[in-house]
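Everything on this sheet refers to the single structure shown next.
The values are calculated or read from the model by the stated rules, or taken from the named source; none is laboratory data. In this text, all values refer to a predicted model and were calculated from it rather than measured experimentally. A quick note on method: Cβ atoms are made from the backbone with ideal geometry, for glycine too, and the neighbour counts reach across all protein chains shown.
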Amino acid sequence: MKKSYLTLVVHILVKEEFREEIKAALLKLIGPTRGEEGNIAYDLHQDNENPNLFLFHEKWVNQDYLTKHSQSKHIAAYRVVSKDKLENVTAFKMTELTA
């Protein structure tokens, strides 16, 4: 039986005037996050119809690793950069059914 990981899907709607700045900041998160212990996948997507909408698809070994990630220096730095530049952020913790 395939191991089931914690999946996180995060929708990030950016204020249009900050789109390129936030896109660059989101891209900077990928390298450090993929290097974190407990990270299985960390992929960034941009909506084809609404370029202000970004989506992270993440997989973690468990909640403990996701919690450590949320407390990491690079996430803290991103929070400072993105403050007041986002319209909305919605996160969904999910379980993969095809595992």
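Selection of the range 81-99 for residues being of a type in the set (A, V, I, L, M), modelled with pLDDT of 95 or more and part of a loop (DSSP other than H, G, I, E, B) yields an empty set. Restricting the first member to the range 40-51 and to residues that are at pLDDT 95 or above, and the second to residues that are loosely packed, with under 12 Cβ neighbours inside 10 Å, the beta-carbon pairs closer than 7 Å and six or more apart or on different chains are L44/L27. Residues in the range 16-42 that are in contact with a helix residue (DSSP H, G or I) (Cβ under 9 Å, 6 or more places away or on another chain), under 24 Å from E87 (Cα atoms) and surrounded by 15 or more Cβ atoms within 10 Å (Cβ to Cβ): F18, I22, A25, L26, L29, T33, Y42.
Checked against (1) over 29 Å from L97 (Cα atoms); (2) in a loop (DSSP other than H, G, I, E, B), F18 meets all criteria but (2). Here the range 74-93 is the region considered, the condition is being in contact (Cβ under 8 Å) with a residue 40 or more places away in the chain, among the β-branched types (V, I, T) and out of contact with any strand residue (DSSP E or B) (no Cβ under 6 Å at 6 or more places or on another chain), and the residue that is farthest from I40 (Cα to Cα) is V81. Taking the listed residues Q71, Q63, the one that is free of Cβ contacts under 8 Å to residues at least 24 places away in the same chain and at negative phi is Q71, with no other qualifying. Taking the criterion of being charged (D, E, K, R) and either exposed (fewer than 13 other Cβ atoms within 10 Å of the Cβ) or in contact with a Pro (Cβ under 7 Å, 6 or more places away or on another chain) (or both), the residues of the range 43-85 that qualify are D43, D47, E49, D64, K73, R79, K83, D84.
For N88, the conditions (1) surrounded by 15 or more Cβ atoms within 10 Å (Cβ to Cβ); (2) in contact with a His (Cβ under 8 Å, 6 or more places away or on another chain); (3) farther than 30 Å from K3 by Cβ; (4) not charged (D, E, K, R) all hold with the exception of (1).
Where residues in the range 21-51 are part of a loop (DSSP other than H, G, I, E, B) and acidic (D, E), which of them is farthest from N88 (Cα to Cα)? Filtering the range 21-51 for residues that are part of a loop (DSSP other than H, G, I, E, B) and acidic (D, E), the one farthest from N88 (Cα to Cα) comes out as E37.
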